[in-house]
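**Student:** Quick one: the structure is below, and I'll ask about it shortly.
The values are calculated or read from the model by the stated rules, or taken from the named source; none is laboratory data. Please read all numbers here as calculations on a predicted model, not as lab measurements. Cβ sites come from the backbone with ideal geometry, for glycine too, and all protein chains shown count toward neighbours.
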Amino acid sequence: MVLSAPLLLSLLGACAPTADDFTVTADLAAEVGTVVEVRWSSTRNVDAAVLRVHDDLGETWEQDITNGQATVWGLPPDSEVDLHVVFDLGNQEIMSDTVSVTTDPAPNWLPELLIDGDVDRALGGSLMMMSLIGSHNGAAMVDGAGRYRWWVELPGISAPSRARPSVDGRQVLVLPVNVDGSDDSGLQRINLDGSLGEPVVVEGQHHDFVELADGTLAFIVHSPRREGGVEVLGDKIVEVAPDGTQTTIWDAWDWIDYNGEQPAIKGEGWIHGNALDYDEETGQYTLSMLGIRAMARIDRATGEMLWLMGTADSDFRLPNGSTTIIDRGHQFEFLDGSLLAFENGDSDRASSRAVEYSFDESQPRMELLWSYEPVPSLYTFSMGDVHRLVGGAADGDTVVDFCANGVIHQVDADGAVVWSMLSDLGAAFGYMSFPGPPGSF
């Protein structure tokens, strides 16, 4: 049998893949209306598939969707979003038809944000995640224009101190501050669609946590002991492995002398650990301890305290001989040759600031390199955070989070405010994290 040319071309055309061979759907998440669940199906064999996202702010990015499903989050609210999938069939590529969705506006329970300054320079182009404290506790991610890109309300926990994306990018992790240890709700695992996962509970966990590259979680945990007939709250670092195994890495009682006279906040502990960091390269933790005006560097493998900054036993001191480097500090970060920290100060001074000191582990002398203290002053009695921006127009700017005041300033090297964010009266912020520009996480 000999097929005519028109019939042969017709049969070949019927076998060639087209966009009609692929079904792509996009649905808004029920709890968070800026999250879109995208799925595709086909009878064709697909080697790889890439999802392309475009919103009406002009933001574009790509995500892998080879396995047939992808979660798109960090989208602007009340925005039209166009999505299509490019399918790699080995010998050719097929682009699906465009699917469009409109994201929801931000819910009314979120505090109103007042933005002032250079929006294009704000946050170095990154989105910012922080916990929210007030009549509605929760967590949110915002952009430099003050748009809410993601949110979750958490009525079942006390004031949340830390919110950050998980290492695998599949969840947001939120921890209550739990100063007095009465909140046993644990670390909340929030799926990107706003649904709740299984919490991670360690008795006495509070203030801060870090997640290691392998998914291990490390917490600041109360370590009570009776001294002189009263209970004194120390602190320890406890890890929770992915399989749930809990391991104490370090306990302040083993390394820091308690004499009953060290300054502390009444009812809030002797050590009052409040900020925790981990360096994957060195395998070392750093713990901020507001109660004794100190910081400690701890080796994860051995549990050894490598140095102590603050108290009479400090390994570091200022040019005037003082061993109090950070006066009642909270969050911090180590830069190239310096330490940047949020310094709350005490209620007598009633003024908080960001400070940067020279830092070299081999040199005990530290000098003040830079500071920012707003005028008029802001006294942040609870929490506080700092972050140095790198790259672009915002290179060298510092983001200062006056948490309890509900105020965030971005300042340049001269201390000039280039951008600011102010929340509704009564609403406070927790610690910050910076996942990156939209589509990068």
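**Student:** Can you confirm whether the stretch 336-347 contains a residue that is modelled with pLDDT of 95 or more and surrounded by fewer than 16 Cβ atoms within 10 Å (Cβ to Cβ)?
**Tutor:** Taking the stretch 336-347 first, the residues modelled with pLDDT of 95 or more are 336-344.
Still in the list and also surrounded by fewer than 16 Cβ atoms within 10 Å (Cβ to Cβ): 336-337.
Scanning the stretch 336-347, I find at least one residue that is modelled with pLDDT of 95 or more and surrounded by fewer than 16 Cβ atoms within 10 Å (Cβ to Cβ), so the answer is yes.
**Student:** In addition: All but one of (1) within 28 Å of C15 (Cβ to Cβ); (2) crowded, with 18+ Cβ neighbours inside 10 Å hold for M95, so report the exception by its number.
**Tutor:** (2)
**Student:** Would you confirm whether or not the stretch 379-387 contains a residue that is among the acidic types (D, E) and under 18 Å from L287 (Cα atoms)? Outline the logic, then answer.
**Tutor:** Of the stretch 379-387, the ones among the acidic types (D, E) are 385.
Filter once more, keeping what is under 18 Å from L287 (Cα atoms): 385.
Yes, because at least one residue in the stretch 379-387 is among the acidic types (D, E) and under 18 Å from L287 (Cα atoms).
**Student:** Take the residues in the stretch 379-395 that are more than 18 Å from the chain's Cα centre (by Cα) and buried (at least 23 other Cβ atoms within 10 Å of the Cβ), then tell me which one is nearest to S347 (Cα to Cα).
**Tutor:** T380
**Student:** Tell me which residues, restricted to the stretch 325-356, are under 15 Å from R293 (Cα atoms) and hydroxyl-bearing (S, T, Y).
**Tutor:** If the condition is that a residue be under 15 Å from R293 (Cα atoms) and hydroxyl-bearing (S, T, Y), then S347, S352 are the ones that fit.
**Student:** List the number of the failed condition for Q331; all other conditions in (1) crowded, with 17+ Cβ neighbours inside 10 Å; (2) polar (S, T, N, Q); (3) assigned to a loop (DSSP other than H, G, I, E, B) hold.
**Tutor:** Unmet condition: (3).
**Student:** Got at least one residue in the stretch 103-117 being in the same structural domain as G406 (by TED's automatic domain parsing), buried (at least 20 other Cβ atoms within 10 Å of the Cβ), assigned to a strand (DSSP E or B) and not aliphatic (A, V, I, L, M)?
**Tutor:** Within the stretch 103-117 (the criterion being in the same structural domain as G406 (by TED's automatic domain parsing), buried (at least 20 other Cβ atoms within 10 Å of the Cβ), assigned to a strand (DSSP E or B) and not aliphatic (A, V, I, L, M)), the answer is no, since none of the residues qualifies.
**Student:** Quick check on this structure: which one of I220, I237, I157 is assigned to a loop (DSSP other than H, G, I, E, B) and either of a type in the set (V, I, T) or in the same structural domain as D412 (by TED's automatic domain parsing) (or both)? If you could, list the steps in order and put the result at the bottom.
**Tutor:** Numbers: I220 fails: assigned to a loop (DSSP other than H, G, I, E, B); I237 fails: assigned to a loop (DSSP other than H, G, I, E, B).
Exactly one of I220, I237, I157 is assigned to a loop (DSSP other than H, G, I, E, B) and either of a type in the set (V, I, T) or in the same structural domain as D412 (by TED's automatic domain parsing) (or both), namely I157.
**Student:** How about the stretch 139-151: which of its residues are assigned to a strand (DSSP E or B) and either buried (at least 22 other Cβ atoms within 10 Å of the Cβ) or touching a Lys or Arg at 6+ places or on another chain (Cβ under 9 Å) (or both)?
**Tutor:** Just the residues of the stretch 139-151 that are assigned to a strand (DSSP E or B), to begin with: 139-142, 148-151.
A139, A140, M141, V142, R149, W150, W151 - these are the residues of the stretch 139-151 that are assigned to a strand (DSSP E or B) and either buried (at least 22 other Cβ atoms within 10 Å of the Cβ) or touching a Lys or Arg at 6+ places or on another chain (Cβ under 9 Å) (or both).
**Student:** Still on this structure: Of the residues G169, G186, which is out of contact with any strand residue (DSSP E or B) (no Cβ under 7 Å at 6 or more places or on another chain) and either assigned by TED's automatic domain parsing to the domain that holds L212 or without any contact (Cβ under 8 Å) to a residue 60 or more places away in the chain (or both)? Let's see the steps before the verdict.
**Tutor:** Numbers: G186 fails: out of contact with any strand residue (DSSP E or B) (no Cβ under 7 Å at 6 or more places or on another chain).
After applying the criteria, what remains is G169.
**Student:** Say whether the condition of being at positive phi and touching a Gly at 6+ places or on another chain (Cβ under 8 Å) is met by at least one residue in the stretch 407-417. Give the steps one after another, and end with the answer.
**Tutor:** Filtering the stretch 407-417 down to residues at positive phi leaves 415.
From what is left, the residues that are touching a Gly at 6+ places or on another chain (Cβ under 8 Å) are none.
No, there is no match, as no residue in the stretch 407-417 is at positive phi and touching a Gly at 6+ places or on another chain (Cβ under 8 Å).
**Student:** Scanning the stretch 396-427 for residues that are of a type in the set (D, E, K, R) and in contact (Cβ under 8 Å) with a residue 40 or more places away in the chain, which turns out surrounded by the fewest Cβ atoms within 10 Å (Cβ to Cβ)?
**Tutor:** Here is the first cut: in the stretch 396-427, the residues of a type in the set (D, E, K, R) are 397, 401, 412, 414, 424.
Add one more test, that the residue is in contact (Cβ under 8 Å) with a residue 40 or more places away in the chain, and what stays is 397, 401, 424.
Details: D397: 25, D401: 27, D424: 13.
Top of the filtered list is D424.
**Student:** I want to confirm something. Restricting to the stretch 279-298 and keeping residues that are free of Cβ contacts under 8 Å to residues at least 60 places away in the same chain and in contact with a Gly (Cβ under 7 Å, 6 or more places away or on another chain), which single residue is surrounded by the most Cβ atoms within 10 Å (Cβ to Cβ)?
**Tutor:** So, considering only residues that are free of Cβ contacts under 8 Å to residues at least 60 places away in the same chain and in contact with a Gly (Cβ under 7 Å, 6 or more places away or on another chain), the one surrounded by the most Cβ atoms within 10 Å (Cβ to Cβ) is M289.
**Student:** Tell me, which residue of the stretch 173-195 that is among the β-branched types (V, I, T) and part of a strand (DSSP E or B) is surrounded by the most Cβ atoms within 10 Å (Cβ to Cβ)?
**Tutor:** V174
**Student:** Identify all residues within the stretch 129-138 that are touching a residue at least 60 places away in the same chain (Cβ under 8 Å), buried (at least 19 other Cβ atoms within 10 Å of the Cβ) and within 21 Å of L425 (Cβ to Cβ); write none if there are none.
**Tutor:** M130, S131, L132, I133, listed by residue number.
**Student:** Give E198, E203 a once-over and let me know the one that is surrounded by fewer than 16 Cβ atoms within 10 Å (Cβ to Cβ), closer than 18 Å to N274 by Cα and of a type in the set (D, E, K, R). Even if it seems obvious, please write down each step before you answer.
**Tutor:** Numbers: E198 fails: closer than 18 Å to N274 by Cα.
The conditions single out E203.
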